[in-house]
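Structure first, then comments.
The values are calculated or read from the model by the stated rules, or taken from the named source; none is laboratory data. All of these numbers come straight from a predicted model, not from anything done at the bench. So basically every Cβ, Gly included, is an ideal-geometry build from the backbone, and we count neighbours across all protein chains shown. Keep in mind that these areas ignore ligands, DNA and RNA; they rest on the heavy atoms of the full protein, side chains included. Shrake-Rupley method; radii C 1.70, N 1.55, O 1.52, S 1.80 Å.
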Amino acid sequence: MEQEEKNLGEANVVYDNTPTVVAVIVPKGYKTILMVRRGNEPKKGLLGLPGGYHMRGETWQMAGAREVYEETGYVLTNPEAYMKLLSMETDEYGNNLVIALWEGPTFLDSTWSPDPAETQEVVFQDYHIRDTEFAFPRHWLAVKEYFAPGAV
């Protein structure tokens, strides 16, 4: 497949690349993780890892921390030090999907309130969860691997 390009000057070729989405597993206690019930499509009302699009000027770690905050109110400080890459692949929507694990401290911003167009509910989910409750198959697989015997 040929890459579409835009010539912005002699040395400045910009490619129309696939967007990157960062989803983060944030542990909250023993065998429990932070999740969201989606407030928007696709798959509104189903569970997903907090996450979203990587924006220009951010590292993927910064994008993950920003999205966790926007969707849950939890602050992840120093993301370059505590965010661990678990996987990166193209998802069913054509995005580069980064799945990451948060290995640092968190705190809840008491002034945060959810945007109902994005988050219906913040959920602390244990390992008793079914694949049918998940919005995205790759989130399910990442959570299943995280909760696998010996992994936590």
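Structure notes:
- The number of residues in the stretch 116-145 being open to solvent by 90 Å² or more (accessible area, probe 1.4 Å) and either assigned to a loop (DSSP other than H, G, I, E, B) or of a type in the set (F, W, Y) (or both) comes to 5.
- The stretch 1-34, subset within 20 Å of E58 (Cβ to Cβ) and not in a strand (DSSP E or B), residue modelled with the highest pLDDT: P19
- Cross-chain or 6+ apart pairs with Cβ under 6 Å, the stretch 71-99 first and under 13 Å from A142 (Cα atoms) and hydroxyl-bearing (S, T, Y), then modelled with pLDDT of 95 or more and buried (at least 20 other Cβ atoms within 10 Å of the Cβ): S87/I99
- Remark: pairs (first residue in the stretch 128-140, under 17 Å from E41 (Cα atoms) and in contact (Cβ under 8 Å) with a residue 12 or more places away in the chain; second residue part of a helix (DSSP H, G or I) and of a type outside the set (D, E, K, R); Cβ separation under 7 Å; 6+ apart in sequence or on different chains) = F134/W140.
- Strands (runs of 3 or more DSSP E) within the stretch 35-115 that include 2 or more residues over 12 Å from V21 (Cα atoms), touching a helix residue (DSSP H, G or I) at 6+ places or on another chain (Cβ under 7 Å) and open to solvent by 10 Å² or more (accessible area, probe 1.4 Å): 74-76, 83-90
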